[in-house]
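Q: Starting off with a structure, shown below.
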Amino acid sequence: MTDSLLYVLGAFVLIQLFYYLFIFTRLAFYGKSTNYGNEAPGVTVLVCAWNEKENLTELLPLLDAQEYPEFEVILLDDRSDDGSEDFMRENIHSWKNIRYIRINDEFAHVTPKKYALTVGMKQAKFPVALMTDADCRPNSLHWITAMTSQINEDKNIVIGFSPYEKESGLLNWFIRCETFYAAVQYLSFSLWGLTYMGVGRNIMYKTQVFFANKGFYRHRHIMGGDDDIFLNEVSTSSNTAIAIEPESFVYSKPKTTWSGWLRQKRRHLAVSQFYRKRNKVMLGILSASHVAVWLLGLLTLAYALVSKDILLLQELGIVVGVRWFIQWVLFFIINRKLDNTVEWFSFLFMDFAFFIYYVFFGFFVMTRRKPRTSWN
């Protein structure tokens, strides 16, 4: 029994090491490539908002002040009733690059945000669209420049990074951990030629890509997916770039309650079922092997302690130690690239937290009901 446990554990560790050494290393050792020498394309920044007056008072001046040759910002106000319309009417003339579009209608066949983004795409003056959300804040006045530095004739899509602001508490720590590990995955997979998602808080693509693929038409009725399902459809192994310079980051305000975070995760999980099959398989194997390593590791540890098998304890230590060491080194390097999103000394705790997370949401996926649709 001891040999069988250790062999099976070793097999799952090898699966994990495949992801670490052949996929995640692409991000860890990625050399930032830029095209600053190329002519800067005109950019339309699209911001969708629903009852976001307080955030707009902070965000719009930051966007208007971006240092970029030619750009515009279109605020798409989706039926807000918190005074956003009055605020925009009163202040629109004080900004030189801001345009305001009020959306008063809602349609049963398309979700509100996708309709708003589609309106924005049709109204865009420039050939490149850059998306963010009202609760986000660019990390610098060179955000647009940093994102467009990755776009060229071949690269039509640029995936950016959007970390959450650091606050106190367990929830904030876990949100930052999840955001970091999700970025490790989608950025690494993109460099591997298997792009499956970006984050709508910081994503750029040419408008021709949007219209050539009929926009969000195929998934217009699904709440969410304007970033990940869309990229699943339009990305290829050669048309997508990533931006990981600090100037390209967009910080976002995290959820402050577990209930709010759970609602957000349910929406994300509901969207992931529409990924391409190969993406679901690759991500499923990664998370399943993670759970298996912890389950088999804990089972082997319990057996070794009960039977007082010192040799088994040593062998177990070597197997899991190799995995943790390689994981720690790679995460440490990537974390430095991503503005130290997570405290380096908490990587082991993060690894265990994801074990609990995968088990919990694995049970949820099997028992879930159709999610309610909402903006946030």
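Q: Within region 168-184, can one find any residue that is assigned to a loop (DSSP other than H, G, I, E, B) and surrounded by 23 or more Cβ atoms within 10 Å (Cβ to Cβ)?
A: The answer is no; no qualifying residue exists.
Q: Next question, about the same structure. Out of Phe355, Phe349, I need the residue that is in the same structural domain as Leu17 (by TED's automatic domain parsing), in contact (Cβ under 8 Å) with a residue 24 or more places away in the chain, in a helix (DSSP H, G or I) and under 27 Å from Lys253 (Cα atoms). Which one?
A: The conditions single out Phe355.
Q: Here is a further query. Quick one: how many residues across region 340-366 are under 19 Å from Glu167 (Cβ atoms) and surrounded by 15 or more Cβ atoms within 10 Å (Cβ to Cβ)?
A: The number of residues fulfilling the criteria is 4.
Q: Moving on. Of these, Leu311, Leu295, which one is surrounded by 12 or more Cβ atoms within 10 Å (Cβ to Cβ) and either without any contact (Cβ under 8 Å) to a residue 12 or more places away in the chain or assigned to a helix (DSSP H, G or I) (or both)?
A: On inspection, the qualifying residue turns out to be Leu295.
Q: Still on this structure, please answer the following. Based on this model, can you work out whether Ser94 counts as among the polar types (S, T, N, Q) and surrounded by 18 or more Cβ atoms within 10 Å (Cβ to Cβ)?
A: no
Q: Let me ask something additional. Can you go through Arg263, Arg267 and tell me which one is among the charged types (D, E, K, R) and farther than 26 Å from Val158 by Cβ?
A: Arg263
Q: Against the condition within 30 Å of Phe354 (Cα to Cα), of a type in the set (D, E, K, R) and surrounded by fewer than 21 Cβ atoms within 10 Å (Cβ to Cβ), how does Asp154 come out, does it pass?
A: Working: within 30 Å of Phe354 (Cα to Cα): no; of a type in the set (D, E, K, R): yes; surrounded by fewer than 21 Cβ atoms within 10 Å (Cβ to Cβ): yes.
Criteria not met by Asp154.
Q: Which of the helices (runs of 4 or more DSSP H) found entirely inside region 1-98 contain at least 2 residues meeting this: in contact with a strand residue (DSSP E or B) (Cβ under 7 Å, 6 or more places away or on another chain)?
A: By residue number, 53-64, 84-91.
Q: Something else about it: Does Met121 satisfy the condition of being touching a residue at least 24 places away in the same chain (Cβ under 8 Å), assigned to a helix (DSSP H, G or I), touching a helix residue (DSSP H, G or I) at 6+ places or on another chain (Cβ under 9 Å) and closer than 27 Å to Leu194 by Cβ?
A: In short, yes.
The values are calculated or read from the model by the stated rules, or taken from the named source; none is laboratory data. Just so you know, these numbers come straight off a predicted model, no measurement behind them. Note that each Cβ is placed from the backbone with ideal geometry, even for glycine, and that neighbours are counted across all protein chains shown.
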